[in-house]
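Visitor: Pasting a structure here, questions to come.
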Amino acid sequence: MAVTLGDVARHAGVSLATASRALNGSARSVTEELSTRVRASARALGYLPNAPAQALARSTGTTVGVLLHDVADPYFGGIARGVGDAAARAGLLTLVTSTDGDPRRELEAIRMLHAHRARAIVLAGSAYGDVDVVQRLDEALAAYQAQGGRVVAISDHGPLYDTVHVHNREGAASLAHSLVQLGHRRFAVITGPQRMRVAGDRLDGVLEALHETGLELPEGMLQRAEFTREGGRAAMARILEAAGGNGAPRPTAVLALSDICAAGALAELRARGVSVPGEVSVAGFDDIPLATDLAPALSTVRLPLTAMGESAVRLALRESGPEAQQAEAFAEVVLRDSTAAPATG
């Protein structure tokens, strides 16, 4: 039979309320002598404290919730690893929830974490573009913060939250400039769905860089897709079909603004017998571990994924202040075997 709090109270010779305050860390004071006696009784009897009860007593829990779009995506895996490592060092448990990019599921997860008195919520997925969706999420997060919860966003979710600012726009612009410097002038771009703000930031960076060099994307050379391997492969097929259908020359460089998308694009080019980088250069974004295992190894924009997760936890555990704080996550272009100067002739 499991040992109860009442058993501990009787063993220590104190009231049930005193035993609860001593073990659950209530703000109501218990003398050191009584607290030591209760903890000793708990150890002697093998009592395991109830985590929700501790959370209610402290008005804060020992859990850090991480909301991400796809637990199978290595981009989010890297962030979750960083959150988990930093949380463990602080004696906290990490709870990862995959929302599939569905704001309704994200809202449900926020409310669940609020009900369980999570210590902090890390928003690892992209913010949404729909104003009504953003308002509903902000209201739920405001209610959570009003009861002492901490919220940290990875990428821009607005001025209300501590933020790990990811240099998505700057990294995408640098990638485009790097391919232009290799000699490319005919580009195609695979970006994410319009509902994702991160996809828009990365696309804006590419378009700004191309505009600065007097380049534009021809019709059909900008394709939107889910940030998945399947999405990238289907988008690559549409690009090749658009180039063949309108008589325009095939692009010499394809920028897939997610490494997972780029993996799909490589698969489609390989299936069609198109040489990479001999005929078409391909680059991604994120520098997930898979990038170096692809054939050819993928040029990309490196983000410090694990460090981003660790920074989020540091912000969540900092002493609260009147203004939101920010940590930086800089982007770095990494050119590998999947990109080269375009063929001449």
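Visitor: Determine the gain in length on full extension of the stretch Ala90-Gln145; use 0.36 nm per residue of separation and subtract their C-alpha separation, reporting nm with one decimal.
Guide: 17.8 nm
Visitor: While we're looking at this one, here's another question. Could you check the simple spin-label distance between Glu33 and Arg250, using points 7 Å along Cα→Cβ, in nm with one decimal?
Guide: In this crude label model, Glu33 to Arg250 measures out at 8.6 nm.
Visitor: Sticking with this one: In deg cm²/dmol and to the nearest 500, what is the mean residue ellipticity at 222 nm of the chain if only DSSP H runs of at least 4 residues count, each as -39500 (n - 2.57), divided by the residue total?
Guide: Rounded to the nearest 500, the figure is -14500 deg cm²/dmol.
Visitor: Taking K and R as +1 and D and E as -1, what net charge do the other residues with C-beta under 11 Å from the C-beta of Thr99 add up to?
Guide: -3
Visitor: Rank by packing, highest mean first: peptides 328-340, 295-307, 250-262, with packing defined as the count of other Cβ atoms within 10 Å averaged across residues.
Guide: Final packing ranking: 250-262, 295-307, 328-340.
Visitor: By DSSP, what percent of the beta bridges with both residues in region 104-196 are antiparallel, rounded to the nearest 5?
Guide: If I count the DSSP bridges inside region 104-196, around 10 percent turn out antiparallel.
Visitor: Given that compact globular proteins tend to follow 2.2 N^0.38 Å, what is the ratio of the alpha-carbon Rg of region 85-196 to that value?
Guide: Compactness ratio reported: 1.33.
Visitor: Angle between the Cα long axis of helix 197-212 and the longest principal axis of the chain, 0 to 90 degrees, nearest 10?
Guide: Its long axis makes an angle of about 30 degrees.
Visitor: How many percent of the accessible area of the chain is carbon or sulfur, using a 1.4 Å probe?
Guide: 52
Visitor: With label points built 7 Å along Cα→Cβ from the Cα atoms of Thr4 and Leu290, find their separation and express it in nm.
Guide: Modelled inter-label distance: 5.2 nm.
Visitor: Rounded if a/c is under 1.5, else prolate if a/b beats b/c, else oblate: with a ≥ b ≥ c from the C-alpha gyration tensor eigenvalues square-rooted, which is region 161-208?
Guide: Cα axes put region 161-208 in the oblate bin.
Visitor: Of Leu215, Ile190, Phe76, whose Cα points farthest to the positive end of the dipole of the chain (charges on the beta-carbon: +1 Lys, Arg; -1 Asp, Glu; origin at the Cα centre)?
Guide: Positive-most Cα among the choices belongs to Phe76.
Visitor: Quick one: give the max-minus-min coordinate of the C-alpha atoms of region 240-345 along each principal axis, largest first, in Å.
Guide: That works out to 61, 29, 23 Å along the principal axes.
Visitor: Could you tell me which of Leu257, Asn168, Thr94 has its Cα farthest along the dipole of the chain towards the positive end, charges placed at Cβ (Lys, Arg +1; Asp, Glu -1), taken about the Cα centre?
Guide: Of Leu257, Asn168, Thr94, it is Thr94.
Visitor: Working from the pairwise distances between different alpha carbons, so that the mean of 1/r is found and then inverted, what is the chain's Kirkwood radius in Å?
Guide: 22.3
Visitor: Relative to a virtual label point 7 Å from the Cα of Phe330 in the Cα→beta-carbon direction, which members of region 276-309 show backbone nitrogen distances below 20 Å?
Guide: Zone members listed by number: 285-288, 300-309.
Visitor: With an 8 Å cut-off on Cα pairs and a minimum separation of 6 or more residues, tell me the relative contact order of the chain in percent.
Guide: 16
Visitor: What shape does region 63-109 have by the C-alpha gyration tensor, where a ≥ b ≥ c are the square roots of the eigenvalues, rounded means a/c under 1.5, and otherwise prolate means a/b greater than b/c and oblate the rest?
Guide: oblate
Visitor: Sticking with this one: Once the piece of chain linking Arg314 and Ser15 is laid out straight, how much longer is it, given 0.36 nm per residue of separation minus the C-alpha distance between them?
Guide: Working it through step by step, the gained length comes to 103.8 nm.
Visitor: Quickly rank 138-147, 186-195 as a protection proxy: mean count of other C-beta atoms within 10 Å, highest first.
Guide: Most protected by this proxy first, the peptides run 186-195, 138-147.
Visitor: Residues with amide H under 5 Å of Leu95's amide H, sequence separation 5 or more or different chain, H placed in the peptide plane at 1.01 Å from N; which?
Guide: Val64, Gly65, Val66
Visitor: Can I ask one more? Taking the Cα atoms only, what angle lies between the long axis of helix 259-271 and the longest principal axis of the chain, rounded to 10 degrees?
Guide: 40
Visitor: Nothing charged except the Cβ atoms of Lys and Arg (+1) and of Asp and Glu (-1): what's the magnitude of the dipole of the chain about its Cα centre? Round to the nearest 20 debye.
Guide: 1220
Visitor: What residues have an amide H closer than 5 Å to that of Gly192, excluding those fewer than 5 places away on the same chain, when H is modeled at 1.01 Å from N in the peptide plane?
Guide: Ala225
Visitor: Quick one: Cα centre-to-centre distance for region 130-144 and region 241-282, in angstrom?
Guide: Between the Cα centres of region 130-144 and region 241-282 lies a distance of 39 Å.
Visitor: Classify region 180-247 as rounded, prolate or oblate from the Cα gyration tensor: take a ≥ b ≥ c as the square roots of its eigenvalues, call it rounded if a/c is under 1.5, otherwise prolate when a/b beats b/c and oblate if not.
Guide: Because a/c hits 1.5 or more and a/b fails to exceed b/c, region 180-247 counts as oblate.
Visitor: Name the long-range amide H neighbours of Ser338: under 5 Å, sequence gap of 5 or more, or other chain; modelled H, no Pro or chain starts.
Guide: Hits under the 5 Å cutoff: Ala297, Ser299.
Visitor: Cβ neighbours within 10 Å, averaged per peptide: list 109-121, 274-286 in order, most packed at the top.
Guide: Per-residue Cβ counts within 10 Å, averaged per peptide and sorted highest first, yield 274-286, 109-121.
Visitor: While we're looking at this one, here's another question. Between region 67-88 and region 285-330, what is the separation of their alpha carbon centroids in Å?
Guide: The two parts, judged by their Cα centres, are 10 Å apart.
Visitor: Can you tell me the relative contact order of region 173-246? Whole percent, Cα pairs under 8 Å, sequence separation 6 or more.
Guide: Computed over region 173-246, the figure is 35 percent.
The values are calculated or read from the model by the stated rules, or taken from the named source; none is laboratory data. Since this is a predicted model, take the numbers as computed values, not measurements. All Cβ positions, even for glycine, are placed from backbone atoms using ideal geometry, and neighbour counts span all protein chains on display. With ligands, DNA and RNA removed, areas are computed over all heavy atoms of the protein, side chains included. Shrake-Rupley method; radii C 1.70, N 1.55, O 1.52, S 1.80 Å.
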